[in-house]
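One structure below.
The values are calculated or read from the model by the stated rules, or taken from the named source; none is laboratory data. For clarity, every value in this text was computed on a predicted model and none was experimentally measured. Here the Cβ positions follow ideal geometry from the backbone for every residue, glycine too, while neighbour counts run over all protein chains shown. Heads up: the accessible areas ignore ligands, DNA and RNA and are worked out on the full protein's heavy atoms, side chains in. Shrake-Rupley method; radii C 1.70, N 1.55, O 1.52, S 1.80 Å.
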Amino acid sequence: EPFRDAPHRTKLGVCSTQLEAAAAGRSVVAFVRRSSFRLPCDGATPVVMVGPGTGIAPFRAFLQEMRVAAAEGRGRTGPTRLYFGCRHARGDYLYEDELAAAVEGKLLGTLRCAFSRDGARKVYVQDLLREDGREVWSLLGCRGGHLYICGGTAMGREVVLALQRTAVEHGKLSEAEAAAFVSRMEGEGRLVKELWS
């Protein structure tokens, strides 16, 4: 796809483009990094997930893990929220049926979707997070919930800024206290990010 401000340049996939160009039988160098995402041990702990685009992958795994646990009588009792985003609902929302089933099956309490190119204005996951500030603060600031962010680095920065703004607006913290709150969440393993550029 062309770059926004440089239509003469083409944006290529990080890995898929190189694999496509590799000759059959050719060796490629790759590594797999172990994920730092783990659901909280206490099933009553609130979980907030933010994963636009391919960032949805670890949260699909979380939902699969929750489904197995529920079938074994070890279901989560704490609230679960997922913020997913893509450009267009039609054509880009690949896991719509799977996510709807997770909501219907009570694995996922809240599903919020941002389709950035479907409306008159662009809406991103961080915008929805800000809109839901009161609920998000209740889950993360008051109830000790965990926040997982997966996707692009720019989006990750914006989500963290939205969290800080939420801490100021709904937690009544100062800017410095909000930044310290976010740092403390990271240090406690309650804010986990897997981001890439």
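Have a look at THR77, THR110, THR45 and point out the one that is under 22 Å from LEU139 (Cα atoms) and open to solvent by 90 Å² or more (accessible area, probe 1.4 Å). So the residue among THR77, THR110, THR45 that is under 22 Å from LEU139 (Cα atoms) and open to solvent by 90 Å² or more (accessible area, probe 1.4 Å) is THR77. Among the conditions (1) free of Cβ contacts under 8 Å to residues at least 12 places away in the same chain; (2) over 21 Å from the mean Cα position of the chain (by Cα), the only one that GLN64 does not satisfy is (2).
Can you pull out every residue in region 142-166 that is under 14 Å from GLU186 (Cβ atoms) and touching a Gly at 6+ places or on another chain (Cβ under 7 Å)? The answer is ILE149, and nothing else. If you go through region 113-130 and pick out every residue that is open to solvent by 50 Å² or more (accessible area, probe 1.4 Å) and in contact with a Ser or Thr (Cβ under 8 Å, 6 or more places away or on another chain), you end up with 3. Suppose the filter is part of a helix (DSSP H, G or I) and modelled with pLDDT of 95 or more; does MET66 pass it? So MET66 passes the test. Picking from residues in region 55-74 that are charged (D, E, K, R) and either more than 22 Å from CYS113 (Cβ to Cβ) or in contact with a Cys (Cβ under 9 Å, 6 or more places away or on another chain) (or both), the one that is least open to solvent (accessible area, probe 1.4 Å) is GLU72.
Quick check on PRO7: is it in contact (Cβ under 8 Å) with a residue 40 or more places away in the chain and more than 17 Å from LEU195 (Cα to Cα)?
On the way: in contact (Cβ under 8 Å) with a residue 40 or more places away in the chain: no; more than 17 Å from LEU195 (Cα to Cα): yes.
So PRO7 does not fit the description; no.
Annotation note: Cβ proximity below 8 Å between a residue of region 170-197 that is more than 30 Å from VAL32 (Cα to Cα) and a residue that is aromatic (Phe, Trp, Tyr) and open to solvent by less than 60 Å² (accessible area, probe 1.4 Å) (sequence gap 6+ or interchain) occurs for HIS170/TRP137; GLY171/TRP137; GLY171/PHE181; LEU173/PHE181. Just checking, which of GLY144, GLY133 is at pLDDT 95 or above, touching a Lys or Arg at 6+ places or on another chain (Cβ under 9 Å), on the phi > 0 side of the Ramachandran plot and open to solvent by less than 50 Å² (accessible area, probe 1.4 Å)? Of the residues listed, the single one that is at pLDDT 95 or above, touching a Lys or Arg at 6+ places or on another chain (Cβ under 9 Å), on the phi > 0 side of the Ramachandran plot and open to solvent by less than 50 Å² (accessible area, probe 1.4 Å) is GLY144. Among the criteria (1) open to solvent by 40 Å² or more (accessible area, probe 1.4 Å); (2) farther than 26 Å from VAL32 by Cβ, the one ARG157 does not fulfil is (2). For region 160-197, filtered to residues that are within 16 Å of GLY55 (Cβ to Cβ) and open to solvent by 70 Å² or more (accessible area, probe 1.4 Å), the residue that is modelled with the lowest pLDDT is SER197.
Residues that are part of a helix (DSSP H, G or I), under 25 Å from GLU169 (Cα atoms), of a type in the set (Asp, Glu) and open to solvent by 60 Å² or more (accessible area, probe 1.4 Å): does region 82-100 have at least one? Before you say what the answer is, go through the steps one by one.
To start, the set of residues in region 82-100 that are part of a helix (DSSP H, G or I) comprises 89-92, 96-100.
Imposing the further condition that a residue be under 25 Å from GLU169 (Cα atoms) reduces the set to none.
Within region 82-100, none of the residues are part of a helix (DSSP H, G or I), under 25 Å from GLU169 (Cα atoms), of a type in the set (Asp, Glu) and open to solvent by 60 Å² or more (accessible area, probe 1.4 Å).
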